[in-house]
Amino acid sequence: MAESEFKTKFRAKVTVMFRKSILDPQGAAVERALKSHTAGDISFPEISSVRVGKVIELTIDGIDAGADAGSVEEKIKILADRILANPVMEEYTVAVEPL
Amino acid sequence: MGKNMRAAVVVFPDSNGDRDAKRALGTLGIGARFVWHKESSIEDVDLIVLPGGFSFGDYLRTGAIARYSPVMREVVRQAGRGTRILGICNGFQILTEAGLLPGVLLRNRDLLFLGRDVWLRVENNATPFTNAYAKGQVIRLPIAHGDGNYFIDDEGYKRLEGEGRIVLRYCLPDGMAPNGVAPNGAKGDIAGIVGEKGNVLGLMPHPERMTEPILGGCDGRGIFDSLIADLLSGAAGC
Amino acid sequence: MTETGNVWREHGLTEEEYGKIRALMGREPNYLELSLFGVMWSEHCSYKNSKAQLRKFPVTGPQVVQGPGENAGVVRLDESIKLCAAFKMESHNHPSAIEPYQGAATGVGGIIRDIFAMGARPVASLDSLRFGELRFGEAGAQRVKSLFGGVVAGVGGYGNCIGIPTVGGETVFHPSYRGNPLVNAMCVGLVDEDKIFKGQASGTGNVVMVVGARTGRDGIKGASFASEELSDSDPDKRPNVQVGDPFMEKLLLEASLEVLEKGLVVGLQDLGAAGLTSSGAEMAGRAGNGLYIDLDRIPMRESGMEPWEIMLSESQERMLMVVEPPKTGAVRAVFEKWDLAAAEIGEVTSDGLFTIRKGADVLASVPAEFLTGMAPVNVRPYAEPAYFQALQKADFSALENYGKDRGGWTGLLKKLLASPNIASKRWVYEQYDSTVGTNTVVRPGSDAAVLRLPGTRKGMALSVDCNSRYVYLNPRRGGAIAVAEAARNVAASGAKPLAITNCLNFGNPEKPEVYWQFVQATDGMAEACGAFSTPVTGGNVSFYNEYDGRAIYPTPTIGMVGVLDDAEDRVTSAFKAEGDLVVLVGETLEELGASEAHFLLTGRDEGEVPVLDFEREKRLHSFLAEAAKRRLLASAHDCSEGGLSVALAESAIQGNLGAALDWTDGVSPAAALFGESQSRAVVSVSPDKWEETKALLEKHGLPCTPLGRTEGIKKNFGEKKFSVRLGGELLIECALDELARLWNGAIEEALK
């Protein structure tokens, strides 16, 4: 089999969070709940901050063998900028691993 | 008729159907009082309503935070003693999170909030909540939810069906319920179920919003009429 | 240039304004003081470019309890129990263009706070939305669709969660809104007349409290950002998008109403645009007092904020309260119950100064009146634009020729019903909870929403309207028609129109042609409001709605409130029963200008806007309300975009009843079917009530034309049919189900 026909697979995880300066109502409500009424008998008063975000998992299949995690990450960052996150209020991280 | 019935409507932060429930009960002569979610006991009561709304903003998961409100221990205790528990919309979601009803309410199939009237078929009228309806009766009630897509595993579903605990199913106006008729994608087109002992009902539609002709219909009254009849028949306690 | 000389520009002030500030102050203002002037003298807060025109509006009447100037206007709905409606409409256009979901959500949240700041419990929301066309080439359409979807979800997400039903509204698609969508939200609340609250800081020595959410860097300098090109700006330099927290707002609503009910509060004010600055200064200004705020005592969400940032922060879900010192503990206890912060941040003073302190240090001190009452009032130069005369004449042959082909008119009706502007807005309003509260007795989709009023038999009808094509082509007449249509919709539901609020969405007022549109449109509105005795009780002006230098169509959205003596008298637009008579009330003229049908066929907005006769229009409103009261009408539907044929088809589709219509008219078939002559309504009447209805029409001096009858399944046709004959000639014939499918499904189809 010629090397150019060899395809690889990647998994990418995009974590989208509100930028730190943006109000995160969900995180704030969960934080208040954790502090005010305990889930069952567990109490963990040392929790000082809670933020809620999203994880988007993408599987990339059949990409050319020449592609490395770095180039996949570059492409996904473009997608993250355009659609997965709204940079006006959200920031994201991308982690790519070969499968 | 409902004069002798004692009802409590639990108020969670961001319950928004609490007043509607109390008002609907009132139109049937049932006096109801509000119970704040931080209270830990509900005395002298025949019916506890967990109303619609977005308790704790629906943040994290619907019902996930409310389920740990102090009042819920009492609701679980009362459910155990046979007190009638009615969970409407967000109340249904809280009941599943609290483990009083099986399954879970997922995001609607098309991801959109749905605010419209639906047709429902009464699948089981031998419950304290539905005895005023005929079996197979088709009723119309409003829904207003983003997370009404009932899900349960196949085994659990079979059990519900086998035990007659599927009380309301979405259907067409003529009562036919072709698979997938539920607007939210609910498994088996389930709109409402009762717990093992039959004294806990969770449903996504809003019977309290259809109890007067001026609101577009009275099909919701049957739920409350059933509870009154059930109480009068002395069947309380199961 | 001095150091502060650079600063005035930074705060959006002109050199002239800066000079005026220095003269008023008698000294050089410091940076913080200038930033206070900068926001308070902005168009948004001071209405400096619109005030002179807004003074034309009639603002009084026996029904008006509170006119413009407070958080919301108030009208009396029931004389005997002094029940009132507090209502207002506001725009959130630019924030929605940047982040449609949050922009729309915070728009809804802001207007709700204005209502409960009056002591009213909000009972209904409406929204008026405008976007570019759903289909105009791939890239653009994608953006419009995502704006449309995001805005609708945001309106619903906030309103549904807080449990205030969204009962009505309008959605319009037009190229002029491609780059600059309009999101106007209206909220209505109920309050007893003797329990109305005002945003006044009265009582020297009273405590100023901020309650609700903590203060962060939300929305600072949002206005200047909105005029930047999005793609080119550095994310870190952007203002922070305001994120709505309807859960917090629900708690704030309940806690606020609880402290008002318990009589713990002297004055209450929403923290909206320009945050603590405008709320503090306005509360002091209205009471003729001063007040100070200590920045060290404000609950903060972020650390290291500069004083001007704190003062300008637009963090949502906050309110400012004035409380007598002995009652602060009780206020705090109520807010604690709802898990909300309530902090004592200052005090009402007798010196008339708006003072900002940090501990013992005074950072700024400005007479409140300078901030709230001394902004310049500009009358901008204006001039009639060239387009105005040029577009009055138009060639309607495209429309007229349509009927030459067999089945042509049927085809055109179908085309109209399937166009997103005419089609059912079900896709929109079914994402809203319209029934929570159990007061909604006419839901979205009819001419106006109707709510029953607890504690009385009365009902309240609500509608928002504007045809901006009319306003563009003839601002004066278009402005008047916007008021007329809103009143007509309310009347068609059986109500007497009472008063309006408005959202005046225009382009850049520094352009003479835009300011001309503004002057003309407000002239028309003022005339119509006077003619219909529906005064203006408040509203909002949104200028600078432009994209790539092109202004939107002038869009003065009208929010109308009307009252029914008995909510049971309500009338909807759907046909009700087989065999009812279908009647056109009013008169069709040879008017095809500015019509939806002409635009649909040619893509051109042109021609003369239909004439509006205030007297006849008013008689139509009186007739509709009286006929409803006497329970004469099975249905009533305003004739508007798309003309008579569309109104008839809509009533038939909504009632799931066919119709066989056959009449003779003095105008061309195109005008009869698709012209948009004003002051018309389609009613259906049970045959046994026709004589009485006819007598009532005569009493009101209104012409009418019996058009035909409603009908069920036609035997020889096999299903329900919608047919129109004009002068005996069959012009439209179609199965009702097909029309219904097109009308109901068009928006979803366009979104695919």
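The values are calculated or read from the model by the stated rules, or taken from the named source; none is laboratory data. Quick caveat, the model's predicted, so the values are computed rather than measured. FYI the Cβ positions are ideal-geometry reconstructions off the backbone, even for glycines, and counts take in every protein chain you see.
Is there a residue in the range C:290-303 that is part of a helix (DSSP H, G or I), free of Cβ contacts under 8 Å to residues at least 60 places away in the same chain and more than 14 Å from chain B (Cβ to nearest Cβ)? Yes, there is a match, as at least one residue in the range C:290-303 is part of a helix (DSSP H, G or I), free of Cβ contacts under 8 Å to residues at least 60 places away in the same chain and more than 14 Å from chain B (Cβ to nearest Cβ). Within the range C:698-726, residues that are crowded, with 17+ Cβ neighbours inside 10 Å sit with their Cβ atoms under 6 Å from residues that are basic (Lys, Arg) and at pLDDT below 95, at 6+ positions apart or across chains, in these pairs: C:Lys721/C:Lys714.
When we screen C:Leu399, C:Leu413 for residues that are of a type in the set (A, V, I, L, M, F, W, C), closer than 29 Å to C:Lys752 by Cβ, modelled with pLDDT under 95 and crowded, with 22+ Cβ neighbours inside 10 Å, the only hit is C:Leu399. Only one of C:Val188, C:Val172 is touching a helix residue (DSSP H, G or I) at 6+ places or on another chain (Cβ under 9 Å) and under 26 Å from C:Leu260 (Cβ atoms); which? From the options C:Val188, C:Val172, the qualifying one is C:Val188.
Go through the range B:1-22 and give me each residue that's in a helix (DSSP H, G or I), out of contact with any Pro (no Cβ under 8 Å at 6 or more places or on another chain) and within 11 Å of chain C (Cβ to nearest Cβ).
B:Arg19, B:Lys22
Selection of the range B:141-175 for residues being more than 21 Å from B:Gly222 (Cα to Cα), assigned to a loop (DSSP other than H, G, I, E, B) and either away from chain C (no Cβ under 14 Å) or basic (Lys, Arg) (or both) yields B:Ile152, B:Asp153, B:Glu163.
Look at the range B:95-122: where a residue is within 14 Å of chain C (Cβ to nearest Cβ) and of a type in the set (Gly, Ala, Ser) and a partner is buried (at least 23 other Cβ atoms within 10 Å of the Cβ) and in a strand (DSSP E or B), sitting 6+ places away or on another chain with Cβ atoms under 6 Å, you get B:Gly115/B:Ala144.
Annotation note: of C:Thr328, C:Thr349, the sole residue that is under 30 Å from B:Ser69 (Cα atoms), touching a strand residue (DSSP E or B) at 6+ places or on another chain (Cβ under 6 Å), away from chain A (no Cβ under 14 Å) and not aromatic (Phe, Trp, Tyr) is C:Thr328. State whether one or more residues within the range C:412-432 are touching a helix residue (DSSP H, G or I) at 6+ places or on another chain (Cβ under 7 Å), free of Cβ contacts under 8 Å to residues at least 12 places away in the same chain and of a type outside the set (A, V, I, L, M). No, every residue in the range C:412-432 fails to be touching a helix residue (DSSP H, G or I) at 6+ places or on another chain (Cβ under 7 Å), free of Cβ contacts under 8 Å to residues at least 12 places away in the same chain and of a type outside the set (A, V, I, L, M).
Looking only at the range C:100-143, count every residue that is buried (at least 21 other Cβ atoms within 10 Å of the Cβ) and either over 19 Å from the mean Cα position of the chain (by Cα) or part of a loop (DSSP other than H, G, I, E, B) (or both) and tell me the total.
Looking only at that region, the number is 5.
Residue count for the range C:388-406, restricted to those that are more than 30 Å from C:Arg476 (Cα to Cα) and touching a residue at least 40 places away in the same chain (Cβ under 8 Å): 2.
Each row is one residue, and each column tells you yes or no for (1) assigned to a helix (DSSP H, G or I); (2) away from every other protein chain (no Cβ under 14 Å); (3) within 23 Å of C:Gly189 (Cβ to Cβ).
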{"position": "C:Met560", "(1), (2), (3)": "no, yes, yes"}
{"position": "C:Thr572", "(1), (2), (3)": "no, no, no"}
{"position": "C:Glu578", "(1), (2), (3)": "no, yes, no"}
{"position": "C:Val583", "(1), (2), (3)": "no, yes, no"}
{"position": "C:Thr588", "(1), (2), (3)": "no, yes, no"}
{"position": "C:Gly593", "(1), (2), (3)": "no, yes, no"}
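Can you pull out the residues in the range A:1-19 that are modelled with pLDDT of 85 or more and either within 17 Å of the chain's Cα centre (by Cα) or of a type in the set (Asp, Glu) (or both)? A:Phe10, A:Arg11, A:Ala12, A:Lys13, A:Val14, A:Thr15, A:Val16, A:Met17, A:Phe18, A:Arg19, listed by residue number.
Candidates B:Lys197, B:Lys187: the one that is over 22 Å from B:Ile30 (Cα atoms) and surrounded by 16 or more Cβ atoms within 10 Å (Cβ to Cβ) is B:Lys187.
A quick yes/no check of all residues on (1) polar (S, T, N, Q); (2) not in a loop (DSSP other than H, G, I, E, B):
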{"position": "C:Thr435", "(1), (2)": "yes, no"}
{"position": "C:Val441", "(1), (2)": "no, yes"}
{"position": "C:Val464", "(1), (2)": "no, yes"}
{"position": "C:Tyr470", "(1), (2)": "no, yes"}
{"position": "C:Gly479", "(1), (2)": "no, yes"}
{"position": "C:Gly494", "(1), (2)": "no, no"}
{"position": "C:Phe518", "(1), (2)": "no, yes"}
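Of all residues in the range B:212-219, none are closer than 22 Å to B:Ala134 by Cβ, in a helix (DSSP H, G or I), of a type outside the set (Lys, Arg) and away from every other protein chain (no Cβ under 14 Å).
Residue by residue, here is whether (1) modelled with pLDDT under 90; (2) under 11 Å from C:Glu317 (Cα atoms); (3) assigned to a helix (DSSP H, G or I) holds:
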position: C:Gly203; (1), (2), (3): no, no, no
position: C:Met209; (1), (2), (3): no, no, no
position: C:Ile220; (1), (2), (3): yes, no, no
position: C:Ser224; (1), (2), (3): yes, no, yes
position: C:Glu228; (1), (2), (3): yes, no, no
position: C:Ser231; (1), (2), (3): yes, no, no
position: C:Phe247; (1), (2), (3): no, yes, yes
position: C:Leu251; (1), (2), (3): no, yes, yes
position: C:Glu254; (1), (2), (3): no, no, yes
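Can you pull out every residue in the range B:69-94 that is without any contact (Cβ under 8 Å) to a residue 40 or more places away in the chain and either surrounded by fewer than 19 Cβ atoms within 10 Å (Cβ to Cβ) or under 14 Å from the mean Cα position of the chain (by Cα) (or both)? The answer is B:Pro70, B:Arg73, B:Val76, B:Arg77, B:Gly80. Checked against (1) in a helix (DSSP H, G or I); (2) more than 26 Å from C:Pro95 (Cα to Cα); (3) within 14 Å of chain A (Cβ to nearest Cβ), C:Asp339 passes all but a single condition, namely (1). Could you go through the range C:529-539 and let me know if any residue there is under 27 Å from C:Ala273 (Cβ atoms), touching a Phe, Trp or Tyr at 6+ places or on another chain (Cβ under 8 Å) and assigned to a loop (DSSP other than H, G, I, E, B). Yes, the range C:529-539 contains at least one residue that is under 27 Å from C:Ala273 (Cβ atoms), touching a Phe, Trp or Tyr at 6+ places or on another chain (Cβ under 8 Å) and assigned to a loop (DSSP other than H, G, I, E, B). When the residues of the range B:23-59 are filtered to those that are without any contact (Cβ under 8 Å) to a residue 24 or more places away in the chain and more than 8 Å from every other protein chain (Cβ to nearest Cβ), which remaining residue is surrounded by the most Cβ atoms within 10 Å (Cβ to Cβ)? Per the criteria, the residue is B:Gly26. Regarding C:Val243, is this residue part of a loop (DSSP other than H, G, I, E, B), of a type in the set (A, V, I, L, M, F, W, C) and more than 23 Å from C:Asp194 (Cβ to Cβ)? Criteria met by C:Val243. Summed over the range C:117-174, residues that are among the charged types (D, E, K, R) and within 30 Å of C:Leu251 (Cβ to Cβ) total 2. Annotation: of all residues in the range B:37-89 being among the charged types (D, E, K, R) and touching a Pro at 6+ places or on another chain (Cβ under 6 Å), the one that is farthest from B:Val104 (Cα to Cα) is B:Lys38. A residue that is assigned to a helix (DSSP H, G or I) and away from chain C (no Cβ under 13 Å) occurs somewhere in the range A:62-69. Quick one: in the range C:287-312, of everything that is in contact with a Lys or Arg (Cβ under 7 Å, 6 or more places away or on another chain) and farther than 17 Å from C:Glu33 by Cβ, which residue is surrounded by the fewest Cβ atoms within 10 Å (Cβ to Cβ)? Filtering first and then ranking leaves C:Asp296.
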